[in-house]
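The values are calculated or read from the model by the stated rules, or taken from the named source; none is laboratory data. Predicted model only: the values in this text are computed from it and were never measured. All Cβ positions, even for glycine, are placed from backbone atoms using ideal geometry, and neighbour counts span all protein chains on display. Quick note on the areas: whole protein, heavy atoms, side chains included, nothing else; ligands and nucleic acids left out. Shrake-Rupley method; radii C 1.70, N 1.55, O 1.52, S 1.80 Å.
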Amino acid sequence: IVGSNDLSFSTSLLNKDYELGTIEGWTRSGDGRVISRLGTVNPTQGSFMGIISTGLGYTTSSGSVSQCFLVQNTQSTLKLKWNFLSEEFLEFIHSQYQDYFRILLVKQDGSQVTLFSRTIDEMALQFGADTNHAGQLISVSPNIVFDEGGVYMTGWQDISFNIIPYRGQTVVIIFKCGDVGDSIYDTAILLDDIIIQ
């Protein structure tokens, strides 16, 4: 076997702010890519952000990005910013149509931990929305149009997780957006500024 003696791979999370302008470092399934803006929505910092969706021309059911990294013994927190946009607000609150956003961690032993999970109804409850009023959800149509309905978004949200239990482990982080009940009305999640410290 002939090869280089100095090949190595990074154990750190790569391209975590998407500023390479590509999906490099991330494994995608369905719709997972990097964009510079979505309608009037810009990245929280820099020039690029990640997007996963249930449609938008790239998939009909789900989108995800994932990456393997080593949690260093000095690291304790995973932080990121996210923005949930959907055509299922407002008319499909309290219906069987429940697109979702999940953040999953696959541990070294193969078991999976759900760090965060929200459906349309759970997002509506969190942001005080119902079928007849938007609460704190923000209408972004007609500046942002998916396929069928009006689009509402949460706006950029900060979230953080304790990763001390995973120190010294090689784990996989997965950001996933999925359809429940239909493949017509789309949902997209914007991701940015992922920090491990």
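Take every Cα pair under 8 Å whose residues are at least 6 apart in sequence, average their separation, divide by the length of the chain, and the relative contact order is 32 percent. The computed Rg/Rh (Cα atoms, Kirkwood Rh) for the structure shown corresponds, within (i) 1.33; (ii) 0.98; (iii) 1.00, to (iii).
Taken one residue at a time, the phi angles of segment 36-51 give Karplus couplings (6.51, -1.76, 1.60, θ = phi - 60°) of 9, 6, 10, x, 9, 8, 9, x, 6, 7, x, 10, 9, 8, x, 9 Hz. Gly and Pro are set to x.
Computed across segment 8-49, the Kirkwood hydrodynamic radius from all distinct Cα-Cα pairs reaches 11.4 Å. Computed from backbone phi with θ = phi - 60° and the Karplus coefficients 6.51, -1.76 and 1.60, the 3J(HN,Hα) list for segment 21-28 is x, 9, 8, 3, x, 9, 9, 10 Hz; x is used for glycine and proline. A 1.4 Å probe run over segment 10-74, with the rest of the protein chains in place, finds 46 Å² accessible per residue. When shorter helices are ignored and each DSSP H run of at least 4 residues is given -39500 (n - 2.57), the per-residue value for the chain at 222 nm works out to -1000 deg cm²/dmol.
The alpha-carbon of Lys107 sits under 17 angstrom from the alpha-carbons of these lysines, leaving out residues fewer than 8 places away in its chain: Lys176.
Of the trypsin sites (Lys or Arg not before Pro) in segment 115-197, which ones lie in a loop per DSSP and count no more than 15 other C-beta atoms within 10 Å? Each step should come with its number before you reach the end.
Details: sites: Arg118, Arg167, Lys176; in loops: Arg167.
The qualifying sites are Arg167.
Here's the picture: a label point sits 7 Å out from the Cα of Val113 along the beta-carbon direction, and within segment 167-187 the residues with their amide nitrogen under 12 Å of it are 167-173. Summarising the label geometry, the points placed 7 Å from Cα in the beta-carbon direction at Asn42 and Ser95 lie 3.5 nm from one another.
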